[in-house]
1. List the lysines whose Cα sits under 27 Å from the Cα of LYS252, skipping any in the same chain fewer than 8 residues away.
2. Efficiency by 1/(1 + (r/R0)^6): what FRET value for ASP78 and GLU410, r their Cβ-Cβ distance, R0 = 56 Å, to the nearest 0.05?
3. Full extension from ALA362 to GLU313: what is 0.36 nm times the residue separation minus their Cα-Cα distance, to one decimal in nm?
4. Express the accessible area of the range 85-128 per residue in Å², computed with a 1.4 Å probe while the remaining protein chains stay in the model.
5. 5 Å is the cut-off here: which amide hydrogens, built 1.01 Å from N in the peptide plane, fall below it relative to ASP41, excluding neighbours closer than 5 in sequence?
6. With a cap of 15 neighbouring Cβ atoms within 10 Å, and only residues DSSP puts in a loop, list the chymotrypsin sites (Phe, Trp or Tyr not before Pro) found in the range 175-257.
7. Let me know the shape class of the range 75-308, please: from the alpha-carbon gyration tensor, a ≥ b ≥ c as square roots of the eigenvalues, rounded when a/c is under 1.5, otherwise prolate if a/b is greater than b/c, or oblate.
8. Give the calculated FRET efficiency between TRP265 and ALA119 to the nearest 0.05, with a Förster radius of 22 Å applied to their Cβ-Cβ distance.
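The values are calculated or read from the model by the stated rules, or taken from the named source; none is laboratory data. It should be emphasised that the depicted structure is a prediction, and the values quoted were computed from it without experimental measurement. Backbone-built Cβ (ideal geometry, glycine too); neighbour counts: all protein chains shown. Accessible surface is based on the protein model in full, side chains and every heavy atom, while ligands, DNA and RNA are left aside. Shrake-Rupley method; radii C 1.70, N 1.55, O 1.52, S 1.80 Å.
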Amino acid sequence: MTTAQQTQRPTSAELDAADPLALQREAFYTPDAGQLTSYLDGNSLGRPLKATSANLPKFVEEAWGSRLIRGWDEMWMDEPTRVGDRIGEVTLGAAPGQVTVGDSTSVMLYKLIRAAVDARPGRDEIIIDRDNFPTDRFIIEGIAAERGATIKWIAANPASGVRGTDLDGLLGERTAVVVLSHVAYRSGFLADAKAITAKVHQAGALMLWDLCHSVGSVPLELDEWNVDLAVGCTYKYLNGGPGSPAFAYVNKARQEELQQPIWGWMGADNPFGMTAAYAPAQGIRRFITGTPPVLAMQPLKDMVELIASVGMEAVRTKSIKLTDYAISLAEELLVPHGVEIVTPRNPAERGSHITVDHPHFADVTARLWERGVIPDFRPPHGLRIGLSPLSTSFAEVELGITAIRDVLLELQ
Ligand SMILES: *Cc1c(COP(=O)(O)O)cnc(C)c1O
């Protein structure tokens, strides 16, 4: 790299100084110096907000401790759909009455995919890509075994992701449902959700988007894109904390024709009627099963409000600047040492993390963690650099990628 090229790129200090969201970083809890120098894994577990440190004890004392069982009547029965509506409004482009919070992502995937297969009698095929996250593939394998369905596997380019044309030859009159990740967990590829959903609908099938890596980092317009079903995590870019519950989106137009397979009293028509037989509730509540994890839903509310205060467009703008910067640093510092960048160069085709490949990255990641530089590793060789837009600084990106280079050189 020539001096001229180097001077063209602003420094991390200049980028931080020019960042309109820089002040938002103050909202996050910061551990004592020495424990953390560069956090590059907000796409796996978001950092807690200071507001959460204050709000959780308040919930224990005021809501739980003081209202006790009365809390269910007063507020908690509707907590899954109240929190769901707010996630929908702020991050999903979803009108009220279509989102509920509860269960893990894996269980929500099971409930919605089973419901979709059952809603398309005569269609016995499920489409998913081979490079999707293991739980998505495993859940579908289980459903296929249970229902006698066949899985049609998309073999997309793992360095990018699934494009509409990858469905050609697979999608047809036997397809019940197509399940894809909006942002690929490994490459960071951002799929064209609107176009793919339209294509799936032309074949008469249902479309389910896994939003684990896009909710809170990429603006979504589920209603406008006419998405049928979606599921997402809240512990990644929604900073809900370890094991915080998933959300499910079910388009209003689909709710009455879908019946989920785990019949529980909380998703029944009259939970306190203690009725003899199950009848599903009307609307989105039918996708609830048992007592919702109200306590575990509290922290994500703080992050959703922080996102609401700046807007998803500003979040996306910073996300693109962060990934652009990370890619240019990786090109300068890592590529000369045999590293391959496997995330799309076009910002319109990527989410908020970049992945770099090198045969030594398992060892490199372990050594980085010891120094408080925290990316994550995804086999076989992928080191993921997750850039949570509201909590990550450009200085952290520079420090982290420089440390990756240094450790790589130590091991060579
Ligand atoms: C993180 C993630 C999950 C996690 O599922 P859990 O049930 O919460 O463990 C599932 N799918 C994708 C695509 C993910 O990125």
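1. LYS111, LYS194, LYS199, LYS236, LYS301
2. 0.55
3. 14.2 nm
4. 28
5. GLY386
6. Taking the range 175-257 and a limit of 15 other Cβ atoms within 10 Å, no loop chymotrypsin sites (Phe, Trp or Tyr not before Pro) are found.
7. It comes out oblate by the Cα gyration axes.
8. 0.45
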